[in-house]
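First up is the structure itself, then whatever we jot down about it.
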Amino acid sequence: MTTASKPAVLAITRNSDAHLAWMREHFDITVAVEPDFRQRTIEQHGARFRCVLTNGSEGLHADEITALPNLTLVCVQGTGYEKVDVAAARQRGITVTNGASSNAITVSDHAFALMFSLVRGIPMLDAFARQGGWRSQLQPLPIVSGRRLGLCGMGAIGQCIARRAAAFDMPVGYFSRNPKPDVPATHFSSVMALAAWAEVLIVALPGGMATHHLIGGDALRALGSKGYVINVGRGSVVDTVALVACLHASEIAGAGLDVYEGEPAFPAAFENCPNLLVTPHVGGWSQEALDNSVRMFIDNALRHFSGRPLTGVL
Ligand SMILES: NC(=O)C1=CN([C@@H]2O[C@H](COP(=O)(O)OP(=O)(O)OC[C@H]3O[C@@H](n4cnc5c(N)ncnc54)[C@H](O)[C@@H]3O)[C@@H](O)[C@H]2O)C=CC1
Ligand SMILES: O=C(O)C(=O)COP(=O)(O)O
């Protein structure tokens, strides 16, 4: 196929050269990641594009959808899509898909990495050992195995985490909109009840208004002074001010965050905050997950432009 005959795709996500080359075998890809260039490209060449490739962080606004008159498909690379105006797209009859499950294994691994690092105190121990410290100066450290694990969200990521938790003899409870009868875990009908039961609370929920600050001071205090909270879902689910206050007051034992409010800026309140471990939204950042997301985009867009059914339609 010549470039002229390939469907034109506006990519507002950053992809490797290898992934772009793979996409370009099938599509005429224009990359516009920087905000100014993205805006100019849409204003000046909006009519060219039949598909937009975006992700949870970049989204796609209603006014951009309006400025893309020939758009028929929006593909979200990755899982979260709260910044894509799905309602505005649907109103125009535009199909929206996401990369459901593309990064669930990677995010689950990352949630476990945060949990183990936090509970065993790995960053503190590393600094301690480098300064010549030795174990005789330390109290015995807590273990992860056997602790009650509360999952907020029992979707693709929650279920991956639950499977891994079984290998560590962790009883699993969860809070989600609907009980999942096939999942061998106890459903809790409120976050508060789950937090009061759990010793480690892992958040794997989408962002948006429905989950905004679902984990606030009350839930954290219910988790208690020996409890840990891990967030690999969206920063907006955990109330930052309440979390930092609880950490300073030792009302919870620790927090591990891959996502946080206001990212990518590092919250000033996190400076000098005790027992807090932060990673820069890399929970889903692996070659395997990125390969999956590109494969899903290509497969879905090929299906769309040849009139076949798609997967992961929102
Ligand atoms: N840290 C990272 O890099 C990544 C973060 N994520 C985030 O994790 C989220 C979850 O991912 P998946 O498990 O793959 O999604 P999923 O769609 O398979 O599962 C979402 C779960 O959340 C529950 N849920 C949704 N809205 C709810 C509400 N208002 N109240 C209670 N429960 C609710 C659903 O019932 C379901 O159990 C994504 O939406 C995304 O925001 C996803 C991938 C990577
Ligand atoms: O897949 C997801 O939801 C993720 O959080 C990965 O990050 P992104 O959305 O691509 O900014």
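Computed from the coordinates by the stated procedures, all read-outs in this text should not be read as laboratory data. Small disclaimer: the values here were computed from a predicted structure and weren't measured. Cβ: placed from backbone, ideal geometry, glycine included. Neighbour counts: every protein chain shown.
Some values worked out for this structure:
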{"item": "Peptide ranges 277-287, 67-77 listed from the most packed, as the mean C-beta count within 10 angstrom indicates", "result": "67-77, 277-287"}
{"item": "Whole-Hz ³J(HN,Hα) from phi, Karplus 6.51 cos²θ - 1.76 cosθ + 1.60, for segment 16-25, glycine and proline x", "result": "5, 4, 5, 5, 5, 4, 4, 5, 6, 4"}
{"item": "Sequence ranges 31-42, 11-22, 248-259, ranked by mean other-Cβ count within 10 angstrom, highest first", "result": "248-259, 11-22, 31-42"}
{"item": "log₁₀ of I(q)/I(0) at q = 0.15 Å⁻¹ - segment 104-278, Debye sum with one point per alpha carbon", "result": "-0.80"}
{"item": "Calculated FRET efficiency for the pair V282/V241, C-beta based, R₀ 25 Å, to 0.05", "result": "0.55"}
{"item": "Backbone N under 19 Å from the H61 label point (7 Å along Cα→Cβ), restricted to segment 259-276", "result": "262-265"}
{"item": "Estimated FRET transfer efficiency (Q139, A249; beta-carbon r; R0 35 Å; 0.05)", "result": "0.95"}
{"item": "Segment 128-144 and segment 62-85: distance between their alpha carbon centers, rounded to Å", "result": "50"}
{"item": "For E263, residues with placed amide H under 5 Å, excluding near neighbours", "result": "none"}
{"item": "Between helix 287-305 and the chain: long-axis angle, C-alpha atoms, 0 to 90°, nearest 10", "result": "30"}
{"item": "Cα-Cα P(r), the chain, percent of pairs per 20 Å interval", "result": "31, 50, 18, 1"}
{"item": "Debye, to nearest 20: dipole size of the chain, +1 on Lys, Arg Cβ, -1 on Asp, Glu Cβ", "result": "640"}
{"item": "Residue among L276, L243, L138 with the largest mean-square fluctuation in a Gaussian network model of the chain, springs linking Cα atoms under 10 Å", "result": "L138"}
{"item": "Amide H partners (placed H, <5 Å) of F188, local residues excluded", "result": "Y174, F175, S176"}
{"item": "Residue-by-residue Karplus 3J(HN,Hα) for segment 224-236, coefficients 6.51, -1.76, 1.60, Hz, glycine and proline x", "result": "x, 5, 9, x, 10, 10, 10, 10, 10, x, 9, x, 5"}
{"item": "Three principal axis lengths of segment 179-314 [C-alpha, angstrom, descending]", "result": "59, 38, 26"}
{"item": "Residues whose placed amide H lies under 5 Å from that of I202, excluding near-sequence neighbours", "result": "G150, L151, C152, I230"}
